[in-house]
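Below is one structure; the comments refer to it alone.
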There are 2 protein chains.
Amino acid sequence: LPELPDTPFHQPAILPRGFHCASRNCGLKRDGPDLSLFVSDVDAAAAAIFTRNQFPGAPILLGRETILAGRLRAIVVNSKVSNVANGEPGLDHARRMAAAAAAEIGTTPDRVLVSSTGVIGIPLPIERIVNGIRGMRAELQNDPLVGAVGMMTTDSHPKVLSVTAGNATISWVAKGAGMVEPNMATMLVYVFTDAALDAPALDAMLRNAAHVSFNMLSIDSDTSTSDTCAILANGLAGDVDHASFQTALTNGCIAMAEILARDGEGATKLLRIHVRNASTESDARGVAKSIVNSPLIKTMAFGADPNVGRILMAIGKCFSARVRPETTAASINGIVVLENGLRTDFDEAALRLSLRGDPVEITVSLGVGDAAATAFGCDLTAGYITENAAYFST
Amino acid sequence: LPELPDTPFHQPAILPRGFHCASRNCGLKRDGPDLSLFVSDVDAAAAAIFTRNQFPGAPILLGRETILAGRLRAIVVNSKVSNVANGEPGLDHARRMAAAAAAEIGTTPDRVLVSSTGVIGIPLPIERIVNGIRGMRAELQNDPLVGAVGMMTTDSHPKVLSVTAGNATISWVAKGAGMVEPNMATMLVYVFTDAALDAPALDAMLRNAAHVSFNMLSIDSDTSTSDTCAILANGLAGDVDHASFQTALTNGCIAMAEILARDGEGATKLLRIHVRNASTESDARGVAKSIVNSPLIKTMAFGADPNVGRILMAIGKCFSARVRPETTAASINGIVVLENGLRTDFDEAALRLSLRGDPVEITVSLGVGDAAATAFGCDLTAGYITENAAYFST
């Protein structure tokens, strides 16, 4: 777990009161669960943010309508097939998924958020999914890991997290390991809380949190057609202090972004890129993203090879950012490697040793202002190539 | 050699009349030439474009001054160390390289263009270079391969090309295999011609040619601090028809961009991405670059895995481009895989077979206008990781 001060993570993670989940294999994957259902005992206030990709999947199109009401009872999600680029039949399939889940738990389809994740452009096996949903109500239980497992694609482990915020609990269930540079949301991240908050407050808080977490995460610079980040608040724990809730929500989203980054396809370590003293926040974010996405930085982190000039290259290719070589400094894991735009006389053996560890933390100071940002990513290894050269076929 | 109609490439490549080159090992690399000199018998009109990276190397800073006069006699270039991020001593070293070459061939330092390519941020071994230049004049000869070899870093082979334009010859000598998304020039590309053209004409023609060739090339999305593309015209062949010269220059630059792309670090094949029927040229270029840079497209090409939905993802993540799913179509090597934003019922076995070949050519039609662009790149393989995880140390 990441070390975030003042944020007491539950170990193991739990679901907040009134939330339950189940998962099943409905025949999409050869082995293991491929269908998950998350249910609140009562209607929950809800907010969600979705991918900005211009080819959004059918579940995104439906989800944008559904979330307008600001109320959800359930989320149903399948893995293996993403239901993207399937036209009108795809939208019909997403609606049938919502209807099947609604019938199973006794609500209306407009209270169900639908997600699908996996290969793009092949038809959703809707009959298997509808059949699979039948009877899941009886299997609902309290362990978030059960729901997380059914959402996994190339994830090496299910991703859950939970934290206390006053009387309330906040829990995250997520998936995502490739095609992750969210730009509005992440792959699939569901946040459940028993705090009492209305939909507009949730929406604002979720956007604040995503701005510094999932929207600063990039595993491979590719933005998915299915990114969804939703929050459900069923109110069973009553009112909470908004400021502390926001802090806990933001810290948890950062922690989950780091969990996703560290499990990037083929990754062996987390990269944290801090940019300080930038002219504007947009410059800080752009430079941090440029560094975290640079294949030459990512392979340097993997190889533990102190080729620190690549940091200058990755800063310098941000053509529109305000950059002055003579005020640019950088450190890697606390070892100062660049000062005044020049390589320092650092201890190469010490840096090499430090780069072998996890995480690799690069801090850049642009020396031209006081804006800052942090980006999250991972190293680039042969494992990424292997996974993605034959993903469709496996 | 690429198949470009109406452009008769010389086989083997030659230098135009009045140009000569030599290369040597001066002690920067363990083996093989690491220092090259290119000389024209007489002063040549010249133009050059340089990297837009905000941490330009010392040779770039000096080159921008030198090229203002529009006249060059020689180019001197070393490989292995790039002379970037070395501050005032770096600039002094670049000036000493120019002076040494000028003394050797009997001209003034302001007629010599300097390049250095290799690791960023370590001091240039200037004494070895200055000693190495001494006596090179006696070794000048006519084979461009000799000069190309001394410029190589991770290149798997020296890169030369020559073509006829009326009475004149145009010849390219280039290097570049990683840290290549030029954005103003490419790694190092020197173009020599015996045509009689003045510096402003050369400058305009070089920019036209680079716009559709090197500026549409991306091996790994990383923009070098040392990119340089220069053209020298010594006039020994007399006047040429400007339009035919521009065509030959552009075609040769495209051919050289493809040679560089195909030799990308770890690459096994060339990617050619054509975008047609875009709303604006900027949209067409942006979408083509997005596809050619997508690690998921690059690994698909490597794995010959027909995961065609990734094309939609890479188009759709161009948030500012005008894209309509219902008019979007795409083909891979002539096989139509997407129509109206939907996957077609293509012959998967045929596509798989075709993807195993080289090049992989993806054509996208956005169906919203008549602008077009083509980008050049390569697949992403474990070889890229291996080369870049330990480049500094090898």
Of all the residues that make up the stretch A:15-72, how many are of a type in the set (Val, Ile, Thr), open to solvent by less than 20 Å² (accessible area, probe 1.4 Å) and modelled with pLDDT of 95 or more? 2
With within 14 Å of chain A (Cβ to nearest Cβ), on the phi > 0 side of the Ramachandran plot and out of contact with any His (no Cβ under 8 Å at 6 or more places or on another chain) as the only criterion, which of B:304, B:278 stands out? B:304
Search result, residues across the stretch A:69-124 that are touching a residue at least 24 places away in the same chain (Cβ under 8 Å), small (Gly, Ala, Ser) and within 13 Å of chain B (Cβ to nearest Cβ): A:82, A:85, A:90, A:116, A:118, A:121
What number of residues within the stretch A:125-136 satisfy the criterion of being of a type outside the set (Gly, Ala, Ser) and in contact (Cβ under 8 Å) with a residue 40 or more places away in the chain? 6
Residue selected from the stretch B:359-394 under the condition under 30 Å from residue A:89 (Cα atoms) and over 27 Å from the mean Cα position of the chain (by Cα), by the criterion farthest from the other protein chains (Cβ to nearest Cβ): B:369
Could you list, ordered by first residue, the pairs with Cβ atoms under 6 Å in which the first is in the stretch A:338-358 and within 12 Å of chain B (Cβ to nearest Cβ) and within 17 Å of residue B:122 (Cβ to Cβ) and the second is open to solvent by less than 30 Å² (accessible area, probe 1.4 Å) and not aliphatic (A, V, I, L, M), at least 6 apart or interchain? A:341/A:328; A:343/B:121; A:348/A:306; A:351/A:306; A:352/A:306
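Of all residues in the stretch B:73-106, which are assigned to a loop (DSSP other than H, G, I, E, B) and buried (at least 19 other Cβ atoms within 10 Å of the Cβ)?
Those that are assigned to a loop (DSSP other than H, G, I, E, B) and buried (at least 19 other Cβ atoms within 10 Å of the Cβ): B:82, B:83, B:84, B:85, B:86.
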Count of residues meeting criterion [closer than 21 Å to residue B:172 by Cα and at pLDDT below 90] in the stretch B:263-286: 3
Within the group B:197, B:161, B:206, which residue is touching a residue at least 24 places away in the same chain (Cβ under 8 Å), open to solvent by 10 Å² or more (accessible area, probe 1.4 Å) and not polar (S, T, N, Q)? B:197
Residue by residue through the stretch A:297-331, note down the ones that are farther than 19 Å from residue A:380 by Cα and aromatic (Phe, Trp, Tyr). A:319
I need every pair where a residue in the stretch B:296-319 that is within 9 Å of residue A:53 (Cβ to Cβ) has its Cβ under 6 Å from the Cβ of a residue that is among the charged types (D, E, K, R) and assigned to a loop (DSSP other than H, G, I, E, B), sequence separation at least 6 or different chains. B:319/A:52
Which of (1) small (Gly, Ala, Ser); (2) in a strand (DSSP E or B); (3) in contact with a Phe, Trp or Tyr (Cβ under 9 Å, 6 or more places away or on another chain) does residue B:118 not meet, given it meets every other one? (3)
Residue selected from the stretch A:8-62 under the condition farther than 30 Å from residue B:315 by Cβ and of a type in the set (Lys, Arg), by the criterion farthest from the chain's Cα centre (by Cα): A:30
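Among the residues of the stretch B:307-327, which ones are more than 8 Å from chain A (Cβ to nearest Cβ) and over 28 Å from the mean Cα position of the chain (by Cα)?
Initial filter on the stretch B:307-327 (more than 8 Å from chain A (Cβ to nearest Cβ)): B:311, B:320, B:322, B:324, B:326-327.
The answer is B:322, B:324, B:326, B:327.
The values are calculated or read from the model by the stated rules, or taken from the named source; none is laboratory data. This is a predicted model, so every value here is computed, not measured. Quick reminder, even Gly has a Cβ in these numbers, built from the backbone with ideal geometry, and neighbours come from all protein chains shown. Remember, those area values only see protein heavy atoms, side chains included, never the ligands or the DNA or RNA. Shrake-Rupley method; radii C 1.70, N 1.55, O 1.52, S 1.80 Å.
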